[in-house]
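The values are calculated or read from the model by the stated rules, or taken from the named source; none is laboratory data. Quick caveat: nothing in here was measured; it's all calculated off a predicted structure. Neighbour counts run over all protein chains shown; Cβ positions are idealised from the backbone, glycine included.
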Amino acid sequence: MLQAVIFDFDGVICDSEFLHYQALNAIFNRFGVDIPKDVHWEKYLGYSDLENIQAVNRDYGMGLDDTAIAEQVAEKKIIFDELAGTDAVIIDGVAEFIQMLVDHHVRRAICSGALRSDIDLMLSGVPFADAFEVTISADEVKHGKPDPEGYRMTLDRLNTGDNTPITPSECVVIEDSHWGLEAAAAAGMNPVAVTNTYSRDALNKKAKKVVNKLSELTIDDLKSLCE
């Protein structure tokens, strides 16, 4: 039985993946490293900011210690906030999809590799900003996707209080990357892919269903995934 839909954020709710890439690459450029867009999409897109900078530091021999890496994470946030203030947009069809869930009393949450402050910034002023009961961000987990920690934590938070407990199999997860799809599956949930970031071919093997837009999903589609 369908009880909850858990959303990734970047590339699912907000068209912000390229902004993260620009901000990260601005940091790397300071150290003489330039990450091509296709390399970022293939190797690093699913990482949190900390994991991304740690990986590039390792892969490209930047020589940063833990303190310097933490400083660059903070700098990346400043750059991203400047970009997001003008360029971030909510993806078409998201508001209507969320309203469908509200109308059918399906519970809603976010589980994202983005920082909570980034999520709050991009949702500020958006009509459905208060539609999510739970938001789990990179600030709260030790291991990013494809580790299932974030999705398990999201479900634990949904299950606090007096509501009827939800099982993992009663959750649909909306993701745009194979990292997220793997995390959802490892948590025992039902992963759905939307082709906002990667092609259908790249996502098909990891998802129970692939769509081009959230507007293609009906409530019956979601229910059938949980049967």
Practice problem: Spot the failing condition for residue 55; the list is (1) free of Cβ contacts under 8 Å to residues at least 40 places away in the same chain; (2) under 27 Å from residue 203 (Cβ atoms); (3) not in a helix (DSSP H, G or I), and only one is missed. | Solution: (3)
Quiz item: Within segment 27-51, which residues are touching a Lys or Arg at 6+ places or on another chain (Cβ under 8 Å) and either part of a helix (DSSP H, G or I) or more than 23 Å from residue 146 (Cβ to Cβ) (or both)?
Solution: 27, 49
Quiz item: So, of the residues in segment 23-73 that are farther than 21 Å from residue 197 by Cα and aromatic (Phe, Trp, Tyr), which turns out to be farthest from the chain's Cα centre (by Cα)?
Solution: 31
Quiz item: Residues in segment 101-146 that are surrounded by fewer than 17 Cβ atoms within 10 Å (Cβ to Cβ) and touching a residue at least 60 places away in the same chain (Cβ under 8 Å): how many?
Solution: 1
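Out of 161, 188, 144, 125, which single residue is within 22 Å of residue 220 (Cα to Cα) and in a loop (DSSP other than H, G, I, E, B)?
Working: 161 fails: within 22 Å of residue 220 (Cα to Cα); 144 fails: within 22 Å of residue 220 (Cα to Cα); 125 fails: within 22 Å of residue 220 (Cα to Cα).
Matching residue, one of 161, 188, 144, 125: 188.
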Quiz item: Within segment 93-123, can you find the residues that are under 21 Å from residue 21 (Cβ atoms) and touching a Lys or Arg at 6+ places or on another chain (Cβ under 8 Å)?
Solution: 113, 115, 117, 118
Practice problem: Just need a number here: residues in segment 202-227 that are outside any loop (DSSP other than H, G, I, E, B) and at pLDDT below 95. | Solution: 2
Quiz item: Just wondering, is there one or more residues in segment 88-96 that are at pLDDT 95 or above and either more than 19 Å from residue 11 (Cβ to Cβ) or in a strand (DSSP E or B) (or both)?
Solution: no
Practice problem: May I ask you to say which residue of 33, 73, 39 is surrounded by fewer than 21 Cβ atoms within 10 Å (Cβ to Cβ) and touching an Asp or Glu at 6+ places or on another chain (Cβ under 7 Å)? | Solution: 73
Practice problem: Given the conditions (1) out of contact with any Cys (no Cβ under 7 Å at 6 or more places or on another chain); (2) under 20 Å from residue 210 (Cβ atoms), report the number of the one that residue 168 does not fulfil. | Solution: (2)
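Which residues, counting only those in segment 169-185, are over 21 Å from residue 98 (Cβ atoms) and crowded, with 17+ Cβ neighbours inside 10 Å?
Step one: filter segment 169-185 for residues over 21 Å from residue 98 (Cβ atoms), giving 169, 178-179, 182-183, 185.
Of everything in segment 169-185, those that are over 21 Å from residue 98 (Cβ atoms) and crowded, with 17+ Cβ neighbours inside 10 Å turn out to be 178, 179, 182, 183, 185.
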Quiz item: When you go through (1) over 15 Å from residue 5 (Cβ atoms); (2) crowded, with 21+ Cβ neighbours inside 10 Å one by one for residue 155, which number turns out not to apply?
Solution: (1)
